[in-house]
């Protein structure tokens with residue numbers, strides 16, 4: 001079973017991928033994690049990626065696909081994988097399909113985590129974390145029990161991403177819509193696209209995704 005989690009920044013793809021990995025035996029494949037692992041491994045692809053990034057360039061699709069091909073061949077992917085954050089463009093989706101066809105594999109389902117933009121903006125712009133242990137908090141939904149003190153470690157220093165503000169989130173959402181919109185009809189035409197409510201509670205979203213996996 002191979003699935004793609006699809007949705008805008010902050011919709012919870014990474015969180016759900018980690019949950020599914022823990023409960024289904026499928027392996028979460030995040031291109032960011034794969035890039036870091038490839039560099040650390042010192043492999044041919046890793047060295048290529050390291051040189052590209054050292055020059056301040058974006059890693060090209062061909063290199064990402066080659067890296068993904070290598071990763072899918074690893075024994076822990078025998079039961080299947082969850083792609084988190086890839087593909088992002090139509091060209092990447094087509095290249096991914098060609099890669100998998102060559103391995104006699106396919107994407108079984110593309111799970112679109114649908115969101116309400118304004119609610120998502122509130123969710124993202126209000127989040128922050130403990131600067132010491134990384135525990136996550138939110139201005140509205142999850143405040144520390146004692147104001148200014150981390151529940152987990154007692155730390156008093158908190159970090160907030162510079163781009164976690166309403167204006168930046170709107171720009172990121174617009175970029176996502178413009179870049180990734182063609183992927184929806186691409187997968188819909190192939191009978192792969194299934195939508196779940198990405199704004200529901202995490203447990204409910206996980207339940208919906210698991211139901212998709214069982215029927216795909």
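Please verify whether residue 32 is within 21 Å of the chain's Cα centre (by Cα) and at positive phi, treating the condition exactly as stated.
Considered against the rule, which asks whether it is within 21 Å of the chain's Cα centre (by Cα) and at positive phi, residue 32 comes out as no.
In the range 16-36, what residues are in a helix (DSSP H, G or I), surrounded by 14 or more Cβ atoms within 10 Å (Cβ to Cβ) and touching a residue at least 24 places away in the same chain (Cβ under 8 Å)?
Hits for the range 16-36 are 16, 17, 19, 20, 21, 24, 31, 34, 35.
Condition (residue is surrounded by 19 or more Cβ atoms within 10 Å (Cβ to Cβ) and touching a residue at least 12 places away in the same chain (Cβ under 8 Å)) applied to the range 94-104: is it met by at least one residue?
yes
Of all the residues that make up the range 37-53, how many are free of Cβ contacts under 8 Å to residues at least 24 places away in the same chain and not in a helix (DSSP H, G or I)?
Result for the range 37-53: 1.
Please state which one of 170, 177, 160 is in contact (Cβ under 8 Å) with a residue 40 or more places away in the chain and farther than 21 Å from residue 84 by Cβ.
Working: 177 fails: farther than 21 Å from residue 84 by Cβ; 160 fails: in contact (Cβ under 8 Å) with a residue 40 or more places away in the chain.
Unique residue meeting the criteria: 170.
Look at residue 58 and say whether it is in a helix (DSSP H, G or I), in contact with a helix residue (DSSP H, G or I) (Cβ under 9 Å, 6 or more places away or on another chain) and either at negative phi or surrounded by 15 or more Cβ atoms within 10 Å (Cβ to Cβ) (or both).
no
Going residue by residue through the range 124-146, is there one that turns out to be surrounded by 12 or more Cβ atoms within 10 Å (Cβ to Cβ), closer than 24 Å to residue 6 by Cα, in contact (Cβ under 8 Å) with a residue 24 or more places away in the chain and touching a helix residue (DSSP H, G or I) at 6+ places or on another chain (Cβ under 7 Å)?
yes
Grab the strands (runs of 3 or more DSSP E) fully contained in the range 122-216, keeping just those with 1 or more residues being closer than 21 Å to residue 88 by Cβ, modelled with pLDDT of 90 or more and touching a strand residue (DSSP E or B) at 6+ places or on another chain (Cβ under 9 Å).
Those strands (runs of 3 or more DSSP E) span 193-197.
Restrict the check to the range 74-91 and report whether at least one residue is out of contact with any helix residue (DSSP H, G or I) (no Cβ under 6 Å at 6 or more places or on another chain), over 30 Å from residue 199 (Cα atoms), modelled with pLDDT of 90 or more and outside any loop (DSSP other than H, G, I, E, B).
The answer is yes, given that some residue of the range 74-91 is out of contact with any helix residue (DSSP H, G or I) (no Cβ under 6 Å at 6 or more places or on another chain), over 30 Å from residue 199 (Cα atoms), modelled with pLDDT of 90 or more and outside any loop (DSSP other than H, G, I, E, B).
The values are calculated or read from the model by the stated rules, or taken from the named source; none is laboratory data. Just so it is clear, the model here is predicted, and its values are computed rather than measured. No Cβ is skipped: glycine too gets one built from the backbone with ideal geometry, and neighbour counts run over all protein chains shown.
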